[in-house]
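Encoded as structure tokens, the structure appears first; notes follow it.
None of the figures in this text is laboratory data; all of them are computed from the coordinates on show. From a predicted model like this one, the values you see are computed outputs, not experimental measurements. Note that each Cβ is placed from the backbone with ideal geometry, even for glycine, and that neighbours are counted across all protein chains shown.
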Amino acid sequence: MSSARLPRLILGGEADFARWLKRVMALLGVHGFHIRESEGALEGVIKSDAFGIPDWYIWREGDGGDDTGWHMWRELKTDEGRLTPMQTLMHLSMRRAGEDVDVWRPRDQERILAELRRE
């Protein structure tokens, strides 16, 4: 699917960014799970750095042949938003474990589309 056919992001806030992402993922056949509030979702976790887990887990299934599936963790932030110290620690820990972890911002729209398409 070409970029011209995908919705363009018109930002009014992080909620608009998330809505745009969900629409694009649906059009591209990509699955996702959004953790609304990681502290509440991870209640009882022993390691405190787990509270910095990225708020999106995104994946696409493989077809069992040459098309292998993939997954990634993404934190959505506004263009001015900053990671918390716990988020920074968690991202580093997850990368050390071999996970694909990053931050997406509205200004990254073209990069986001390329990553979702695996271009």
| task | If a/c stays under 1.5 just call it rounded; otherwise compare a/b with b/c (prolate if a/b is bigger, oblate if not). Do that for segment 12-117, with a ≥ b ≥ c from the square roots of the Cα gyration tensor eigenvalues. | result | oblate
| Using the count of nearby Cβ atoms within 10 Å as a rough guide to exposure, how do E14, E75, E80 rank from fewest to most? | E80, E14, E75
